[in-house]
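S.K.: After the structure tokens below, expect a handful of questions from me.
The values are calculated or read from the model by the stated rules, or taken from the named source; none is laboratory data. Note that the structure is predicted; figures quoted are calculated from it, not measured. Positions of Cβ are generated from backbone atoms using ideal geometry, with glycine treated the same way; all protein chains shown enter the neighbour counts.
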Amino acid sequence: MSDVVRVGIAGYGSMGRLHCYSYRAAPMIRPGGVRFEPVIISGRDRRAVAEAAHRYGIEEWTERWETLVERPDIDVVDICTPPGTHAAIAIAAASTGKSVMCEKPLAVTYPDAWAALDAVARSGVRHAVGFNYRHLPAVSLLAEMVAAGDIGEVRLWRGTWLSDEFADPTIPFDWRFEASLGGSTIADLGSHLMDLAEWMVGPVADVVATSATFVTERPDGEATRAVEVDDASAALVRFSSGAQGVLQVARAAPRRPCDFTIEVNGTAGTLVFSYDRLNELWFGDGNDDRRLYGMRRIRVEDPSQPETAGWWPIGQGIGYDASFVNQVAALAEEWDSGRWSPGFDVGARIVRVCSAMERSAAEGRWVSVDEVLGEPAT
């Protein structure tokens, strides 16, 4: 088998560009495993996808994602299209025996996510969901320290994600405001946070949530069109372990471009990450001498720390793009095993948790994650 794996990328926007860049950069940062080669990219806009292919250095382009699935020389279909299209492309790709990389969320609804998971399980192909923030060094170290018991038993988890993406009421209606195609803010931003929460703390048992749409209509040509998704949501979370959690996500917070934070409090300490300080993790050790009471700033750039291999000398900084490059490097290293992580099982699980939040916000009550069903009744 050749060590070159041929990739077809569905979607030419910012995610398609990031994925293409990451496939090219990964062997320079973490050589090992197979080498992914993007060979074709798809998009609905003929002119735009042709221009993108030229900029990204991809020789072939198509207006049909189906072409990626149909071509026998494509090994991996990488899905970077709007969320409402993810499941259909994944199912089609799996049916032809192709490995599937899918951006989060895996789907807009849990039944669609379950169908995608069922498809890859039946075909036995490799499958992964793009939870790239696991691969930031500081976030990875936080998870590692929680797992090692450095803060004792986890009692509290908090996550916030604030952006100003929808703050301007004059932004025209597009697919992002259509529930069936773009999904909710819970599904978009909340899926990242819930993945990190369950990765660090374990499964969520039940939730209670609230959502609000502040700008209820958007310009659509000469008319307006009703917005179908939330601008902001918040939730209380109960984990199966007994730990408690709080989540807030918003795309209507002025001058908050992409600010997310994670804090985990245990019986013996606290860990805090803030995205605006990418290379830092704050650690409060409850066993420290009381004269040292407070939080310690950890610089997460040293080669001894996770996800730092191959990057720049300490002090130079490791950026957003590193999370995608590290993600690709992990997939390359895992290729021969036939299994990728996190897979569609994790992706479907997170869709289920987010769907429970959406149901809670709509019905005004606590909702058990087990209430959200995807598979057909037997």
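For (1) under 30 Å from residue 235 (Cβ atoms); (2) surrounded by fewer than 21 Cβ atoms within 10 Å (Cβ to Cβ); (3) of a type outside the set (Gly, Ala, Ser), each residue gets a yes or a no:
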position: 356; (1), (2), (3): yes, no, no
position: 360; (1), (2), (3): yes, no, no
position: 368; (1), (2), (3): yes, yes, no
position: 371; (1), (2), (3): yes, yes, yes
position: 374; (1), (2), (3): yes, yes, no
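S.K.: Looking only at segment 190-218, filter to residues that are of a type in the set (A, V, I, L, M, F, W, C) and part of a strand (DSSP E or B); which one of those is surrounded by the most Cβ atoms within 10 Å (Cβ to Cβ)?
M.R.: Per the stated criteria, the residue is 204.
S.K.: So residue 334 passes all but one of these: (1) surrounded by 14 or more Cβ atoms within 10 Å (Cβ to Cβ); (2) at pLDDT below 95. Which condition number does it fail?
M.R.: Of the numbered conditions (1) surrounded by 14 or more Cβ atoms within 10 Å (Cβ to Cβ); (2) at pLDDT below 95, the odd one out for residue 334 is (2).
S.K.: Could you check residue 65 against (1) surrounded by fewer than 21 Cβ atoms within 10 Å (Cβ to Cβ); (2) touching a strand residue (DSSP E or B) at 6+ places or on another chain (Cβ under 7 Å); (3) hydrophobic (A, V, I, L, M, F, W, C) and say which number it fails?
M.R.: Exception for residue 65: condition (1).
S.K.: Just give me the residues in segment 152-162 being out of contact with any helix residue (DSSP H, G or I) (no Cβ under 7 Å at 6 or more places or on another chain) and under 24 Å from residue 276 (Cβ atoms), in sequence order.
M.R.: Residues satisfying the conditions are 156, 158, 160, 162.
S.K.: Ok, one more. I'm trying to understand the selection: among the residues of segment 119-177, which are aromatic (Phe, Trp, Tyr), buried (at least 17 other Cβ atoms within 10 Å of the Cβ) and under 24 Å from residue 219 (Cβ atoms)?
M.R.: Selection gives 166, 173, 177.
S.K.: Go through segment 292-351 and report how many residues are under 30 Å from residue 109 (Cα atoms), of a type in the set (A, V, I, L, M, F, W, C) and assigned to a helix (DSSP H, G or I).
M.R.: Residues flagged as under 30 Å from residue 109 (Cα atoms), of a type in the set (A, V, I, L, M, F, W, C) and assigned to a helix (DSSP H, G or I) within segment 292-351 amount to 14.
S.K.: Just the residues that are among the hydroxyl-bearing types (Ser, Thr, Tyr), closer than 19 Å to residue 338 by Cα and buried (at least 19 other Cβ atoms within 10 Å of the Cβ), please, taken from segment 68-113.
M.R.: Hit for segment 68-113 is 99, nothing else.
S.K.: Also, quick follow-up: Among the residues of segment 247-268, which ones are buried (at least 18 other Cβ atoms within 10 Å of the Cβ), in contact with a Ser or Thr (Cβ under 7 Å, 6 or more places away or on another chain) and in a loop (DSSP other than H, G, I, E, B)?
M.R.: 251, 253, 256
S.K.: Only one residue in 180, 274, 241, 184 is at pLDDT 95 or above, polar (S, T, N, Q) and buried (at least 21 other Cβ atoms within 10 Å of the Cβ). Which one?
M.R.: 184
S.K.: Can you confirm whether residue 181 is in a helix (DSSP H, G or I), in contact (Cβ under 8 Å) with a residue 24 or more places away in the chain and not β-branched (Val, Ile, Thr)?
M.R.: yes
S.K.: Does residue 221 satisfy the condition of being within 23 Å of residue 348 (Cα to Cα), assigned by TED's automatic domain parsing to the domain that holds residue 162 and surrounded by fewer than 15 Cβ atoms within 10 Å (Cβ to Cβ)?
M.R.: no
S.K.: Provide a single number: the residues in segment 113-138 that are within 21 Å of residue 308 (Cα to Cα), aliphatic (A, V, I, L, M) and in a helix (DSSP H, G or I).
M.R.: So the answer is 1.
S.K.: Just need a number here: residues in segment 149-160 that are among the aliphatic types (A, V, I, L, M) and farther than 14 Å from residue 199 by Cβ.
M.R.: Summing the residues that are among the aliphatic types (A, V, I, L, M) and farther than 14 Å from residue 199 by Cβ in segment 149-160 gives 2.
S.K.: Filter segment 68-91 for residues that are free of Cβ contacts under 8 Å to residues at least 40 places away in the same chain and more than 25 Å from the chain's Cα centre (by Cα); which is farthest from residue 25 (Cα to Cα)?
M.R.: If we take residues in segment 68-91 being free of Cβ contacts under 8 Å to residues at least 40 places away in the same chain and more than 25 Å from the chain's Cα centre (by Cα), then 70 is farthest from residue 25 (Cα to Cα).
S.K.: Give just the number: which of (1) under 23 Å from residue 132 (Cα atoms); (2) not in a loop (DSSP other than H, G, I, E, B) does residue 164 not satisfy?
M.R.: All conditions are met except number (2).
S.K.: Among the residues of segment 365-377, which ones are without any contact (Cβ under 8 Å) to a residue 40 or more places away in the chain and part of a loop (DSSP other than H, G, I, E, B)?
M.R.: Matches in segment 365-377: 376, 377.
S.K.: Does segment 27-46 hold any residues that are touching a strand residue (DSSP E or B) at 6+ places or on another chain (Cβ under 7 Å) and either closer than 22 Å to residue 339 by Cβ or outside the structural domain of residue 80 (by TED's automatic domain parsing) (or both), and which are they?
M.R.: Matches in segment 27-46: 27, 34, 35, 36, 37.
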